[in-house]
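The structure under discussion appears below in the form of structure tokens.
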Amino acid sequence: MVSNDCDNGVPRAVVGVTTYSEEAGWGVWRRRADLLPRSYVDTVLASGGVPVLLPPLPSGAREALRAVDALVIAGGADVDPASYRAEPHPKTTGVRPERDAWELELLREALAQDLPVLGVCRGMQVLNVAYGGTLTQHLPDDVGHLEHLPARALFGTTEVRVTEGSRVAGMVGDRCTVSCYHHQAVRDLGTGLTAVAWAADGTVEAVEDGNREFVIGVQWHPEQDIDARLFAGLVQAARKRARVRESW
């Protein structure tokens, strides 16, 4: 059970989580909807935070982030290669340029406001692009197997090695088994980011900005297993902002 930090005079951190904008069905309806897997909400709650969903918008990142204490860039569709000046691979599909633009704007503003940031799967890729990096558009071409995305709607399992002394290692240890679902990955690291975790095949599994208190991306899906360790680290870093926001 998560304790309410307000009981001890400490405001609970509000965590903004980006969402999908997709055609969806519920009840008798099938319409465009802004949605997010419930597991993200449950993991933020399990970490002691209060989740707020951030749908893709054409503008307004600065105002949206003034209402939260931390930012999670969630997983989702392939990042548009135009965002890192590349031609699309035949296997790059389902891109959402409006979501890319919104999340890149959110990241720029989050960094300007010095907010804690966690990128999950696609979110790590967007983080890398925001720092000027590039992506491998179809990972099986490089690693020769499908273990990172074994089948449609089926998570894979990856053994990850983490750099000792990194912020990520401080939360998950130097070895961990994680859930993954991706066919794209980091190729060239963005300036200012450091790779701190790898799969056995050399795929970058986590990055962090060592010059900031908490700017981390992981290629895996901690929310799939309701693994609150990374989210708890994010919430802990966000509590300073929560105190400031409460005084506004």
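Could you go through segment 120-132 and let me know if any residue there is over 23 Å from residue 224 (Cα atoms), buried (at least 17 other Cβ atoms within 10 Å of the Cβ) and polar (S, T, N, Q). Within segment 120-132, not a single residue is over 23 Å from residue 224 (Cα atoms), buried (at least 17 other Cβ atoms within 10 Å of the Cβ) and polar (S, T, N, Q). Of all residues in segment 208-233, those satisfying the criterion of being more than 11 Å from the chain's Cα centre (by Cα) and of a type outside the set (D, E, K, R) are 210, 211, 214, 224, 226, 228, 232, 233.
Going by the structure shown, is residue 153 without any contact (Cβ under 8 Å) to a residue 12 or more places away in the chain, of a type in the set (A, V, I, L, M, F, W, C), over 18 Å from residue 70 (Cβ atoms) and open to solvent by 30 Å² or more (accessible area, probe 1.4 Å)? So residue 153 fits the description; yes. Of all residue pairs spaced 6 or more apart or on separate chains, those with beta-carbon atoms under 7 Å, a first member in segment 98-113 that is in contact (Cβ under 8 Å) with a residue 12 or more places away in the chain and over 15 Å from residue 68 (Cα atoms) and a second member that is hydroxyl-bearing (Ser, Thr, Tyr) and in a helix (DSSP H, G or I) are 100/83; 104/83. Residue 147 falls short on exactly one of the conditions (1) more than 28 Å from residue 21 (Cβ to Cβ); (2) among the charged types (D, E, K, R); (3) assigned to a helix (DSSP H, G or I); (4) in contact with a Ser or Thr (Cβ under 8 Å, 6 or more places away or on another chain), and that condition is (3). Taking the criterion of being under 18 Å from the mean Cα position of the chain (by Cα), among the small types (Gly, Ala, Ser) and not in a strand (DSSP E or B), the residues of segment 113-144 that qualify are 123, 130, 132, 133.
Scanning segment 74-97 for residues that are closer than 17 Å to residue 181 by Cβ, in contact (Cβ under 8 Å) with a residue 24 or more places away in the chain and out of contact with any Leu (no Cβ under 8 Å at 6 or more places or on another chain) yields 75, 76, 77, 78, 91, 92, 96. Count of segment 169-208 residues, restricted to those that are out of contact with any Phe, Trp or Tyr (no Cβ under 8 Å at 6 or more places or on another chain), at negative phi and of a type outside the set (A, V, I, L, M), is 15.
The values are calculated or read from the model by the stated rules, or taken from the named source; none is laboratory data. Since we're looking at a predicted model, the values are computed, not measured. Note: ideal-geometry Cβ built from the backbone for every residue, glycine included; neighbour counts use all protein chains shown. Note: accessible area is taken over every heavy atom of the protein model, side chains too, but ligands, DNA and RNA are not part of it. Shrake-Rupley method; radii C 1.70, N 1.55, O 1.52, S 1.80 Å.
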